[in-house]
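Working notes for the structure below.
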Amino acid sequence: MESGIAFIGFGEAAMAFVGGAPHARAYDVKTDAVATRAAKLADYGRHGVDAATSAQEALQQAEAVLCLVTADQALLAAREGAGLLPAGALWLDMNSVAPDTKRAAASAIEAAGGRYVDVAILAPVLPQRLAVPLLVSGPHAEAGAARLRAIGFTNVRTIDGGIGKASAIKMIRSVMVKGLEALTAEWILAAEAAGIREEAVAALNASWPGTDWAAKADYNLERMMVHGLRRAAEMEEVVKTLDALGTGSAMTRGTVERQRALGTLALAAPAMLDDKLALLLGDNKEAA
């Protein structure tokens, strides 16, 4: 990764993308809290980035910024970062937020002399890392795509349309992806509580040949237990997207609730499905 790169937010996605870059700077709000500071500083050190103590320090010499915060912090990060950017710096907004949220963030960045780029991440960042598919839109899409490729991303595509076009595709994709996660969790928990898990899995496997629904449930539960709060924040943005389109968001509102419910438990996800289900159901299984 070349110099002049800053990360705002240094969670799973940023750590998947950094590639051990010795010249990148990173700032995450978790360094501001006593309870999380040591762990976040260890993350910086493990991935070979220079730790910044503030957004100002991270951004002061940045030519390109990869903004990778939680969805509910994306607009705030842009507004706070706008006045700290060098003139002409690229703000690569890779957050999973609604088109209107990205347009509001773009207004702040552009008003301060930066160049805003709408970037949508179209698959889980792991295990693909820099090979993850990215979709880029907006007036600076070509410049943004070129910089992303220079950083090391290998699957970058631009799309015609303004800011919000790439994010609309991401948001509407998430209706299915995160919605299926939530629906799978609801299904497998009910099947386990009813004592019919093997039969329920077999029935779905027969209906969708080639799909291992036990494995899918295991993976989806793990993602929701670890990232449920972050996913709920993203799905709130999906609700905004759907409501702005006027097409209805009833199912997605349910996804928000289910993702948040699992994330709020703050439980470490065991390796095995049996253990995940036992942990999540607790005494409810015996009562059922």
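From the list THR101, THR70, pick out the single residue that is over 26 Å from ALA39 (Cα atoms) and polar (S, T, N, Q).
Numbers: THR70 fails: over 26 Å from ALA39 (Cα atoms).
Exactly one of THR101, THR70 is over 26 Å from ALA39 (Cα atoms) and polar (S, T, N, Q), namely THR101.
Take the residues in the stretch 68-80 that are in contact with an Asp or Glu (Cβ under 9 Å, 6 or more places away or on another chain) and without any contact (Cβ under 8 Å) to a residue 60 or more places away in the chain; name whichever of them is farthest from LYS30 (Cα to Cα).
Residue satisfying both the conditions and the ranking: ALA78.
When the stretch 188-212 is examined, which residues are found to be in contact (Cβ under 8 Å) with a residue 24 or more places away in the chain and either within 23 Å of THR252 (Cα to Cα) or among the charged types (D, E, K, R) (or both)?
Result: ILE188, LEU189, GLU192, ARG197.
Given (1) of a type in the set (A, V, I, L, M); (2) in contact (Cβ under 8 Å) with a residue 40 or more places away in the chain; (3) buried (at least 21 other Cβ atoms within 10 Å of the Cβ); (4) under 23 Å from LEU126 (Cα atoms), identify the lone condition not met by MET272.
Condition not satisfied by MET272: (3).
Quick check on this structure: which one of LEU122, LEU126, LEU90 is at pLDDT 95 or above and under 30 Å from GLU222 (Cβ atoms)? Give the steps one after another, and end with the answer.
Numbers: LEU126 fails: at pLDDT 95 or above; LEU90 fails: under 30 Å from GLU222 (Cβ atoms).
Only one candidate passes the filter, namely LEU122.
Out of (1) of a type in the set (A, V, I, L, M, F, W, C); (2) within 19 Å of ALA168 (Cα to Cα); (3) in contact (Cβ under 8 Å) with a residue 40 or more places away in the chain, what's the single condition that is false for LEU281?
(2)
For the stretch 203-222, how many residues are aromatic (Phe, Trp, Tyr) and assigned to a loop (DSSP other than H, G, I, E, B)? Before the answer, list the steps.
Our first condition is that a residue be aromatic (Phe, Trp, Tyr); within the stretch 203-222, this holds for 208, 213, 219.
Those left that are additionally assigned to a loop (DSSP other than H, G, I, E, B): 208.
Selection size over the stretch 203-222: 1.
Looking at the stretch 2-58 only, could you name the residues that are crowded, with 20+ Cβ neighbours inside 10 Å and modelled with pLDDT under 90?
Within the stretch 2-58, just ALA21 meets the criteria.
Out of the stretch 225-256, which residues are free of Cβ contacts under 8 Å to residues at least 24 places away in the same chain and in contact with a helix residue (DSSP H, G or I) (Cβ under 8 Å, 6 or more places away or on another chain)? Explain how you work it out, then say what you get.
Of the stretch 225-256, the ones free of Cβ contacts under 8 Å to residues at least 24 places away in the same chain are 239, 243, 245-250, 253.
Matches in the stretch 225-256: VAL239, GLY248, SER249, ARG253.
The values are calculated or read from the model by the stated rules, or taken from the named source; none is laboratory data. No experiment lies behind these values; they were computed from the predicted model shown. Reconstructed Cβ throughout: ideal geometry from the backbone, glycine too, with neighbour counts over all protein chains shown.
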